[in-house]
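Below is one structure; the comments refer to it alone.
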């Protein structure tokens with residue numbers, strides 16, 4: 001393994017417009033939003049995160065299957081972003097993908113020989129049918145499938161594990177150098193997963209491959225990856241060698257993923273787990289500041305706040321007090337929070353008195369999240385009621401901290 005990266009991704013953005021029509025512009029999904037990393041030859045680089053974190057879009061963008069909005073992808077020093085399809089196509093022999101669902105990625109009308117051999121014909125790597133079948137047979141044997149039994153078989157006649165081996169064979173048939181493996185064992189039974197991962201590791205050594213291993217399963221990444229990048233809502237929050245990620249995670253989201261791994265040791269099962277509360281936010285409207293802050297138990301003032309955070313904190317408080325206290329406080333806030341106008345920067349309370357709202361917020365400040373209270377910049381009166389204005393906030397930036405790259409306001413040197 002050399003010290004020169006084979007793949008360099010710099011400030012990569014991939015955005016989608018959704019819901020567009022002739023009369024209006026659509027909303028923007030920032031599926032990948034400012035991701036930077038590099039991979040050395042022969043590495044297995046893991047991209048780990050929940051569904052909706054952007055890891056699959058990132059993998060497809062690297063391979064030119066999805067156009068990048070901005071940023072840079074350099075393959076062996078060559079810039080890939082902005083290449084026309086005619087320029088990119090020859091590179092697809094060196095850049096391959098193992099898709100997550102073999103049932104969806106295999107053509108049921110093609111035999112195994114036809115499906116696996118198709119890339120050879122597209123790239124002109126074989127000239128005769130016999131040569132193509134011979135190459136396919138050799139690759140099937142490498143992938144643990146008896147060629148004599150499977151060359152003329154259709155996908156519907158194969159088991160799930162056999163289908164995934166065929167998908168792997170098809171990805172490797174052109175002798176690529178980089179393989180993006182998108183959840184390669186997620187659709188398989190537990191009894192088959194270990195065998196397929198072992199096969200991928202064996203092929204890596206035999207063929208000198210470099211993998212981008214995409215998964216939501218942090219546990220499997222420990223045994224497969226050399227380095228791991230943790231993704232959340234389109235951004236990378238932590239990147240380090242595997243032992244550091246699993247042994248000393250810094251970002252609260254990484255810590256939560258590690259703590260969520262099932263523990264076979266009975267003595268460790270009862271320990272407190274600081275798992276994230278709530279659900280992953282809508283990618284169409286990601287939280288301001290740190291995108292993880294609404295679910296983070298360690299969030300504080302710099303991490304971010306929005307109008308809905310204050311409303312959620314008040315509603316949560318009212319589940320823990322008497323009905324009389326709730327009714328009195330609700331009256332101070334205008335009597336009906338459903339009529340409040342809530343934005344990123346303010347909460348407008350029709351019919352409320354600003355002085356009474358300010359006094360109540362001061363009284364209950366100790367029982368509300370400190371980041372929400374400290375984010376209140378002013379409480380003002382207007383014609384219709386009280387307006388709670390929130391102060392500015394900033395996203396954390398990627399920085400080197402304690403032997404890894406992390407993006408978190410909790411750690412010195414990471415915030416703007």
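Couple of notes before you dig in:
- Selected from 278, 54, 115 as most flexible by GNM, with the chain as the system and alpha-carbon contacts under 10 Å: 278
- Separation between Cα centres of the stretch 206-261 and the stretch 150-171, rounded to whole Å: 29
- Sequence-separation-based contact order of the stretch 1-131, relative, with Cα cut under 8 Å and 6+ spacing, percent: 23
- Overall dimensions of the stretch 305-390, expressed as equivalent-ellipsoid semi-axes from the Cα gyration tensor (√(5λ), whole Å, largest first), are 17, 15, 12.
- With the alpha-carbon atoms of the chain aligned to their principal axes, the span from lowest to highest coordinate is 85, 60, 43 Å, starting with the largest.
- Direction-averaged projected area, Cα convex hull, the stretch 341-416: 6.2 nm², rounded to one decimal.
- The gain in end-to-end length when the residue 326 to residue 279 segment is fully stretched comes to 14.3 nm, 0.36 nm per residue minus the alpha carbon separation.
- Packing around the peptides 220-227, 298-305, 232-239, 187-194, taken as the average count of other Cβ atoms within 10 Å per residue, puts them in this order, highest first: 232-239, 298-305, 220-227, 187-194.
- The calculated pair-distance distribution of the stretch 96-224 uses every alpha carbon pair, bins of 10 angstrom beginning at 0, and gives 13, 47, 33, 6, 0 percent.
- Relative contact order of the stretch 305-390, taken over Cα pairs closer than 8 Å and 6 or more residues apart, is 33 percent.
- For the stretch 272-416, the normalised intensity computed at q = 0.12, 0.14, 0.20, 0.22 Å⁻¹ comes to -0.54, -0.71, -1.25, -1.42 (log10 of I(q)/I(0), Debye sum over alpha carbons, equal scatterers, no solvent).
- The P(r) of the stretch 54-156 has a tail past 24 Å containing 36 percent of all C-alpha pairs.
- Cα centroid of the stretch 114-136 to Cα centroid of the stretch 319-353, whole Å: 68
- Considering only the Cα atoms of the stretch 7-247, their convex hull presents on average a projected area of 14.1 nm².
- Euclidean distance of C-alpha centroids, the stretch 273-304 and the stretch 30-69, integer Å: 21
- Using the average count of surrounding beta-carbon atoms within 10 Å as a protection proxy, the listed peptides 242-251, 67-76, 283-292 rank, highest first, as 283-292, 242-251, 67-76.
- The calculated FRET efficiency for the pair residue 219 and residue 198, based on their C-beta separation and a Förster distance of 22 Å, comes to about 0.90.
- Mean sequence separation of contacting Cα pairs (under 8 Å, at least six apart), scaled by the length of the chain, corresponds to a relative contact order of 14 percent.
- A simple spin-label model places the labels of residue 104 and residue 10 3.4 nm from each other, with each point 7 Å out along Cα-to-Cβ.
- As computed over the stretch 152-260, the Cα convex hull volume per residue (Å³): 125
- Peptide ranges 164-174, 148-158 listed from the most packed, as the mean C-beta count within 10 angstrom indicates: 164-174, 148-158
- Mean residue ellipticity (222 nm) of the chain, computed from DSSP H runs ≥ 4 via -39,500 (n - 2.57), nearest 500: -9000 deg cm²/dmol
Every number in this text was worked out from the coordinates using simple rules, so none of it is lab data. Bear in mind the structure is a predicted one, so any value in this text is a computation, not a measurement. Backbone-built Cβ (ideal geometry, glycine too); neighbour counts: all protein chains shown.
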